[in-house]
Amino acid sequence: MGFLDALLGGKRKLKLPARDRLFAMTTAQVTLETSLGLKHRSVAGIAFQSLATADFKEIVNDTKELLSGAAADTGTKVETSTDDYGYAWIILRDQDFEDLVVAINTVSSSLEAGGYGDRLLAAVFAFEEEGRPLYFIYNFKRGMYYPFVPAPGSQKRNSERELQLKAQIGAELPIEPELQRWFPLWEIPL
């Protein structure tokens, strides 16, 4: 433990992932569609742990107003939801994939600027393959993506397809190398 750690009680600030990693999805989306035949579903979402404080609620409301105000130019539709695990979601719908990435960045930047970056869970980009949903999940704490492919039926995943996607897109996206950190998000409200 260094001098500053001792002085400040041993707490260290977490290093935030590089912001450009989120934007890697913009270029990867072209490869996902043209080379792999996936189709984006014109929807993305960001999940975070909500707080009951007035400050937190004000930041979230201001961000939703900002996104709604920009909708005249971008056409992005903004919705909110809470999942069964109590996480808050801001759901964004737009035909322009780049607008979805920018809107996700707007939400995460607002929460980080307000001091609530540690409340961010994940950004989720929805795609489909042969009519079946699949997702690319961005873990804010790790600054990495991973594919999530739910298998038809109850809460099972198609791990084989997830590993194939990792191999196919890994050069363009920062993919989480530790497979045990590929957490499934069931019942994604997208």
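The values are calculated or read from the model by the stated rules, or taken from the named source; none is laboratory data. A quick note: this is a predicted structure, and the numbers were derived from the prediction, not measured. Virtual Cβ from ideal backbone geometry, glycine too; neighbours counted across all protein chains shown. Note: areas computed on protein heavy atoms with side chains; ligands, DNA, RNA excluded. Shrake-Rupley method; radii C 1.70, N 1.55, O 1.52, S 1.80 Å.
Tyr85 is checked against (1) aromatic (Phe, Trp, Tyr); (2) touching a residue at least 12 places away in the same chain (Cβ under 8 Å); (3) loosely packed, with under 15 Cβ neighbours inside 10 Å and fails just one. What number does that condition carry?
It fails just one condition, (2).
Condition check ((1) touching a residue at least 24 places away in the same chain (Cβ under 8 Å); (2) surrounded by fewer than 17 Cβ atoms within 10 Å (Cβ to Cβ)) across all residues:
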{"site": "Asp20", "(1), (2)": "no, yes"}
{"site": "Phe23", "(1), (2)": "yes, yes"}
{"site": "Thr53", "(1), (2)": "no, yes"}
{"site": "Leu67", "(1), (2)": "yes, no"}
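If I ask for residues that are free of Cβ contacts under 8 Å to residues at least 60 places away in the same chain and either at negative phi or within 17 Å of the chain's Cα centre (by Cα) (or both), which ones from the range 115-135 would you list?
Start the filter on the range 115-135 by keeping residues that are free of Cβ contacts under 8 Å to residues at least 60 places away in the same chain, which leaves 115, 130-132, 135.
Arg132, Tyr135, listed by residue number.
Among (1) exposed (fewer than 15 other Cβ atoms within 10 Å of the Cβ); (2) within 13 Å of the chain's Cα centre (by Cα), where does Val43 come up short?
(1)
If Lys141 passes every condition in (1) modelled with pLDDT under 95; (2) over 11 Å from the mean Cα position of the chain (by Cα); (3) open to solvent by 50 Å² or more (accessible area, probe 1.4 Å); (4) not hydrophobic (A, V, I, L, M, F, W, C) but one, which one does it miss?
Among (1) modelled with pLDDT under 95; (2) over 11 Å from the mean Cα position of the chain (by Cα); (3) open to solvent by 50 Å² or more (accessible area, probe 1.4 Å); (4) not hydrophobic (A, V, I, L, M, F, W, C), the lone unmet condition for Lys141 is (2).
Looking at (1) surrounded by fewer than 16 Cβ atoms within 10 Å (Cβ to Cβ); (2) over 30 Å from Val60 (Cβ atoms), can you tell me which one Glu172 breaks?
The one condition Glu172 does not meet is (1).
Of the residues Glu112, Glu129, Glu162, which single one is acidic (Asp, Glu) and open to solvent by less than 20 Å² (accessible area, probe 1.4 Å)?
Answer to the selection: Glu162.
Mind listing just one residue for me: the one in the range 67-84 that is assigned to a helix (DSSP H, G or I) and more than 16 Å from Val101 (Cβ to Cβ) and, of those, modelled with the lowest pLDDT? Step through it out loud before you land on a result.
Initially, the range 67-84 is screened for residues assigned to a helix (DSSP H, G or I), giving 67-74.
Checking the rest, the ones that are also more than 16 Å from Val101 (Cβ to Cβ) come to 68-69, 72.
Details: Ser68: 79, Gly69: 79, Ala72: 72.
Ranking the candidates gives Ala72 first.
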